[in-house]
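For reference, the structure is listed below as structure tokens.
The values are calculated or read from the model by the stated rules, or taken from the named source; none is laboratory data. These numbers come from a predicted model, not from an experiment. Glycine gets a Cβ as well: all are built from the backbone with ideal geometry, and neighbour counts include every protein chain shown.
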Amino acid sequence: MQKDTVLVIDFGGQYSQLIVRRVRELGLYSELQPWFSAAEAIRANRPTAVILSGGPSSVLGENAPTIEPELLDGIPTLGICYGMQWMAHALGGQVGRAESREYGRRTLDSVAPGSTLNDWAKRSVWMSHGDQVLEVPPGFTPIAATGSCPIAAMEDRAGRRLAVQFHPEVTHTPHGKEILSTFLFDIACLKQNWSPTRFVEETVEALRAQIGNKKVFCATSGGVDSSVVAALLCKALGDQVTCVMVDHGLLRAGEAEMVKEEFTAHFHPKLIVLDEQERFLDALAGVTEPEEKRHIIGNLFTVVFDEHSAEIADCDFWAQGTIYPDVVESGSATAAKIKSHHNVGGMPAWFRERFTIVEPLRLLFKDEVRAVGLELGLPASLVNRQPFPGPGIAVRIVGEVTADRVRMVQEADKIFQEELVAAGLQGQVWQSYAALLGIQSVGVMGDERTYQNPIVLRAIHSEDGMTASPVPFAFEFLEHVTNRIVNEVKGINRVFYDLTSKPPATIELE
Ligand code: XMP
């Protein structure tokens, strides 16, 4: 953990990352630590304030997530949901099962006059809990209630501690950010220390100090994250940087050429593209299991880089575009692994020994990466590009990846993207793509029976890729795209539009 950090201790809550983002939006540096490693982090570097997240457990249950209460002595603390219950339980109050689980929008019916929540009477708040505080711990006063939750917030002014049963970090609590702001600036008395400009200045310095006059490879996919890493490195180290892109043949139509053009226009032009399309397709032949595909692609990436590295340049450092959600998900309090999409930990040990890994964006969220990109002078067209998965189209092809199946996805995707632009919808979509299902179905074309493939179109709104909802396109738009795809893409006789949100689905099909 860095110096002067607002530490969010993660008790496994679904909104924990969101708390960190909100704090950073307020101009303060914040990090997330799972509860089980928080003690070490706090002892190593005392945080300026602590926020305790929500979580699915009950403090009354066996093996409930906990920390030593003494760790927080003298540190301004905000407890949210489970975090509030933990404070009550650990500090000598009482927690019990609520008569009925409170979920969704509620109104604060009464608030204590003169308290921190003075202005909150009748305001909406978002609740999601089964337990609640029955008795506040010594030093605390109850300061708000809903119809079914008599102690919906409590505070200890002298101890600079505040706790709320509801979730101020979600947009469903309309004034929620005010609570975070009051806690951070009025109660903890912190000063702003976080902005894209500052991040660029400090990171450029840090990269110069770390790499000195040595050389560095920058792994480039053409995506936003690796482009911003390349721009940061070039600003810090100029000629010492060589950007390398592996064209694994699983990119969108025309993508490799576009990356070359963009890099030449906006960066240091030292970009080497390794054309390894056939080799990746050969390695993927016959493979249908999603995780196996990811591993084959990930491993082959490192092998290809290693093979070529000596002839390109003699580099000791290897930079890549890992961002904060990858890091957090790799060591989170809710450790269930859904997909191995992280650069973190997925890299073979020999590769880590061969190069010193440099990940200048590993503490940033996607929107912060974009802000840093703009700060570095990259064009909005590049910075606002959609996220694209490292294994590319391979995770958009259910079943075997073959040259012909890649072609179908690329062609359908190109049509979809063209039509989004033509309809002026591109800016409203966080991510959109065409994918191929692992089935075939019967159709009729020109009086002939066909037995061909369906394309799935997916387009979502999202804030950070952690949750997503489908874009409600007009029927005419979808019908028009469908007509173009079945008419123009050989091998496709049906088109579906995916209406599932995340959760329960994920954004990519695999
Ligand atoms: P899911 O499918 O998990 O995706 O909902 C969330 C976000 O992550 C991207 N994604 C990946 N990115 N390597 C990556 O670099 C991967 O293997 C990978 N899988 C998913 C996905 O495109 C979405 O933006």
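Annotations for the structure displayed:
- The listed residue being part of a loop (DSSP other than H, G, I, E, B), assigned by TED's automatic domain parsing to the domain that holds Leu376 and either among the basic types (Lys, Arg) or within 16 Å of the ligand (Cβ to nearest atom) (or both), out of Ser227, Ser221: Ser221
- Qualifying residue in region 77-87 (condition: within 18 Å of Pro138 (Cβ to Cβ), modelled with pLDDT of 95 or more, of a type in the set (S, T, N, Q) and in contact with a strand residue (DSSP E or B) (Cβ under 9 Å, 6 or more places away or on another chain)): yes
- Residue within region 26-34 that is within 24 Å of the chain's Cα centre (by Cα), in the same structural domain as Ala90 (by TED's automatic domain parsing) and in a helix (DSSP H, G or I) present: no
Here's the yes/no breakdown for (1) touching a Cys at 6+ places or on another chain (Cβ under 8 Å); (2) over 28 Å from Lys366 (Cβ atoms); (3) in a helix (DSSP H, G or I); (4) within 15 Å of the ligand (Cβ to nearest atom):
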site	(1), (2), (3), (4)
Glu419	no, no, yes, no
Gly427	no, no, yes, no
Gly438	no, yes, no, no
Glu463	no, no, no, yes
Ser469	no, no, no, yes
Val495	no, yes, no, no
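- Count of residues meeting criterion [among the small types (Gly, Ala, Ser) and within 19 Å of Gly424 (Cβ to Cβ)] in region 459-485: 2
- In region 350-397, the qualifying residues are those that are within 13 Å of the chain's Cα centre (by Cα) and among the hydrophobic types (A, V, I, L, M, F, W, C), and the one that is farthest from the ligand (Cβ to nearest atom) is Leu363.
- Among residues that are within 16 Å of the ligand (Cβ to nearest atom) and closer than 30 Å to Gly377 by Cα, Gly212 is not included.
- Contact map, region 310-329: residues that are of a type in the set (Phe, Trp, Tyr) and modelled with pLDDT of 80 or more paired with residues that are in a loop (DSSP other than H, G, I, E, B) and crowded, with 16+ Cβ neighbours inside 10 Å, Cβ distance under 6 Å, separation 6+ or inter-chain. Pairs shown: Trp318/Phe355; Tyr324/Leu363; Tyr324/Leu364; Tyr324/Phe365.
- Matching residues in region 112-130 - criterion: being part of a strand (DSSP E or B) and among the aliphatic types (A, V, I, L, M): Val125, Met127
- Counted residues, region 268-292 - those being basic (Lys, Arg) and either at pLDDT below 95 or in the same structural domain as Val401 (by TED's automatic domain parsing) (or both): 1
- For region 381-391, a residue qualifies if it is assigned to a helix (DSSP H, G or I) and either touching a Gly at 6+ places or on another chain (Cβ under 9 Å) or in contact (Cβ under 8 Å) with a residue 12 or more places away in the chain (or both), and the qualifying residues are Leu382, Val383.
- Region 136-170: number of residues that are exposed (fewer than 15 other Cβ atoms within 10 Å of the Cβ) and assigned to a strand (DSSP E or B): 1
- Residue match in region 394-408 (condition: in a helix (DSSP H, G or I), of a type outside the set (S, T, N, Q), crowded, with 17+ Cβ neighbours inside 10 Å and in contact with a His (Cβ under 7 Å, 6 or more places away or on another chain)): no
- Of all residues making up region 357-392, the number that are closer than 30 Å to Asp282 by Cα and touching a strand residue (DSSP E or B) at 6+ places or on another chain (Cβ under 8 Å): 3
- Glu169 vs. criteria touching a residue at least 40 places away in the same chain (Cβ under 8 Å), touching a strand residue (DSSP E or B) at 6+ places or on another chain (Cβ under 8 Å) and closer than 16 Å to Leu52 by Cα: yes
- Residues satisfying the stated conditions in region 411-431, i.e. under 23 Å from Ile492 (Cα atoms) and not hydrophobic (A, V, I, L, M, F, W, C): Glu411, Asp413, Lys414, Gln417, Glu418, Glu419, Gln431
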